[in-house]
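For reference, the structure discussed in these notes is given below.
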Amino acid sequence: MDLAWSAKDLEFRDEVRAFLDARLTPELRQAGRLMTSVYADHEASMAWQAILHERGWAAPAWPVEHGGCDWSLTQHYIFSRESTLAGAPSLSPMGIRMVAHAIVKFGTPAQKDYFLPRILTGEVFFCQGYSEPEAGSDLAALSMAAVDDGDDLVCSGSKIWTTHAAEANWIFALVRTTRGAKRQQGITFLLIDMNTPGIEIRPLVMTSGEEIQTQIFFDSVRVPKSNVIGQIDDGWTVAKYLLEFERGGGAASPALQVMAEEIAGEAGALLDDPSFAAKLADARIRTEVLEILEYRVLTAVAEGRNPGAASSMLKILSTELSQTLTELAMEAAGPRGRIYQPHAAKPGGPVSEYVPPSDGYVSGEPWQAVAPLRYFNDRAGSIYAGSNEIQRNILAKATLGL
């Protein structure tokens, strides 16, 4: 594996850097730097998406005919890496990085014509309806019912841990249309207009105080069958395809490297503590290892090979390393890192029952105020997109033959 970028890659990198320098405003950079989770401030995220869409770079992984970019895998990696290093706020993945790919592969021409352009502009903003109170990691246990009634499916049940449902005007959901011998049978992939009568959204307050997640209740919600993606009762096929995009994505190592550098720059005298210095050095080494692993996966895909269990390895390493870094950031922040002051950050959603000081006062530096919010949010990293226990089972089967 050659770790050096080609001349063409370096030219593309310089083009991306020039674009980011020109179009990333100080406000957008601040929104990216002060994110408290994997989700950026909603307004900043949508503003950045509009800028990227104008440039033709909002959805580079889409097919070119639908607005994507004719980039190599290396260029996709470079774009992701440079955007992260520049402090760009993240885009919501539910539409562009997830359901859009299902619509492209399984959708009808009418569905593609309606949804894909509107996802690009932000006119259609999706949330994801997978998990239920009794069906999380065991997604095949879902029970939200969709009863056939002529041209409609009548949906009743609930979805939980639904990100940005309060901002979304559409949801893609897995619903139970029939029950078969296998639980994966009888599941349908459905697009539901969030303005349909019978939908109630209740916010879930996270330990960070943010209301990013919600629970949604569906009471006899009528959805046209024309909103089914793929075939009725065969939604599991669509869902499995979609999970490849949820667990994939851009480069994780650059964001972790930036976090480690920020901790090193702010820790001050704590760096003289051998214990802290050793833990930070170990974390920084692991970010470099993660980057090499990302390069290896990139090389495998570029050569037409399936990365296989390496995707599970990357998911485990990146999320657990992120948790390690947020713990070190809390240690570096010291007593001021224990003060609850989310007004100094750019959370990904509203903060419940919090009244900021009228003068905007922040005790300590902004990074110290952000540290506890990131710490609490990052506890979920080893659970979402397939828990790390499940990923370790995949590794055990695929690589050890257990």
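Each reported figure results from applying straightforward, stated rules to the coordinates on display, with no laboratory input. These numbers were taken from a predicted model, which means no experiment stands behind them. Methodologically, a virtual Cβ is constructed for each residue, glycine included, from the backbone with ideal geometry; neighbour enumeration extends over all protein chains shown.
Under a crude label model (7 Å from the Cα following the beta-carbon direction), how far is I390 from A269 in nanometres?
4.7 nm
Give the cross-link partners of K279 among the aspartates and glutamates, using a straight C-alpha distance below 12 Å as the criterion and excluding same-chain residues fewer than 8 apart.
Within reach: E327, E331.
Cα convex hull of region 269-402: mean projected area in nm², to one decimal? Walk me through the intermediate numbers first.
On the way: hull surface 44.1 nm².
Quarter of the Cα hull surface area: 11.0 nm².
Would you kindly give the portion of the calculated P(r) for region 10-69 that falls above 16 Å, as a percent of all Cα pairs? Mind dumping the intermediate values first?
Working: 933 of 1770 pairs.
Taking all Cα-Cα pairs of region 10-69, the fraction more than 16 Å apart is 53 percent.
Using θ = phi - 60° and the Karplus relation 6.51 cos²θ - 1.76 cosθ + 1.60, list the HN-Hα couplings for region 122-130 in order, rounded to whole Hz, with x at every Gly or Pro.
Calculated HN-Hα couplings, in order: x, 4, 9, 10, 9, 10, 10, x, 10 Hz.
Determine which residues of region 319-344 fall in the zone a paramagnetic label at K279 would reach in this model, i.e. backbone nitrogen under 18 Å from the point 7 Å along Cα→Cβ.
319-339
Under unit Cβ charges (Lys, Arg +1; Asp, Glu -1), what dipole magnitude, rounded to 20 debye, does the chain have relative to its Cα centre? Provide the component values of the computation, followed by the final result.
On the way: 35 positive and 50 negative charges, 171 e Å.
In total the dipole reaches around 820 debye.
Rounded, prolate or oblate: which fits region 185-298, taking a ≥ b ≥ c as square roots of the Cα gyration tensor eigenvalues, rounded meaning a/c under 1.5, else prolate when a/b beats b/c?
Values: a/c = 4.59, a/b = 2.01, b/c = 2.29.
Verdict is oblate for region 185-298.
Under unit Cβ charges (Lys, Arg +1; Asp, Glu -1), what dipole magnitude, rounded to 20 debye, does region 219-336 have relative to its Cα centre? Show your work: numbers first, answer last.
Numbers: 11 positive and 18 negative charges, 100 e Å.
It comes to approximately 480 debye.
From the residues T74, S92, I51, which one has its Cα farthest along the dipole of region 1-123 in the positive direction, the dipole being from +1 and -1 charges on Cβ of Lys/Arg and Asp/Glu about the Cα centre?
After comparing all options, I get S92.
Counting just the Cα atoms, what span does the chain cover along each of its three principal axes? Round to the nearest Å and put the largest first.
Largest to smallest, the principal-axis extents are 70, 53, 49 Å.
Under a point spin-label approximation (7 Å from Cα along Cα-to-Cβ), what is the R23-N195 distance to one decimal in nm?
So the two model labels end up 2.8 nm from each other.
Please give the direction-averaged projected area of the C-alpha convex hull for region 105-208, in square nanometres with one decimal. Before the final figure, lay out the partial values.
Details: hull surface 33.1 nm².
Mean projected area of the Cα convex hull: 8.3 nm².
Specify the longest stretch of the chain that does not include any exposed loop site, a site being one of the GluC sites (Glu not before Pro) with a non-H, G, I, E, B DSSP assignment and at most 14 other Cβ atoms within 10 Å.
Values: sites that count: E123, E134, E303, E353.
Excluding the exposed sites themselves, the longest stretch runs over 135-302.
For K397, list the aspartates and glutamates whose Cα falls under 17 Å from its own Cα; do not include residues on the same chain fewer than 8 positions away.
E389
Can you give the Rg/Rh ratio of region 117-271, where Rg is from the C-alpha atoms and Rh is the Kirkwood radius?
Working: Rg = 18.8 Å, Rh = 17.3 Å.
Ratio of gyration radius to Kirkwood radius for region 117-271: 1.09.
Give, in nm to one decimal, the length gained when the segment between A300 and W5 is fully stretched (0.36 nm per residue of separation minus the Cα-Cα distance). Could you put the intermediate results ahead of the total?
Details: separation 295, 0.36 × 295 = 106.20 nm, distance 1.60 nm.
Full extension from A300 to W5 adds 104.6 nm.
How far is it, in nm, from the label point at H343 to the one at A181 when both lie 7 Å from their Cα along the line to the Cβ?
In this crude label model, H343 to A181 measures out at 6.3 nm.
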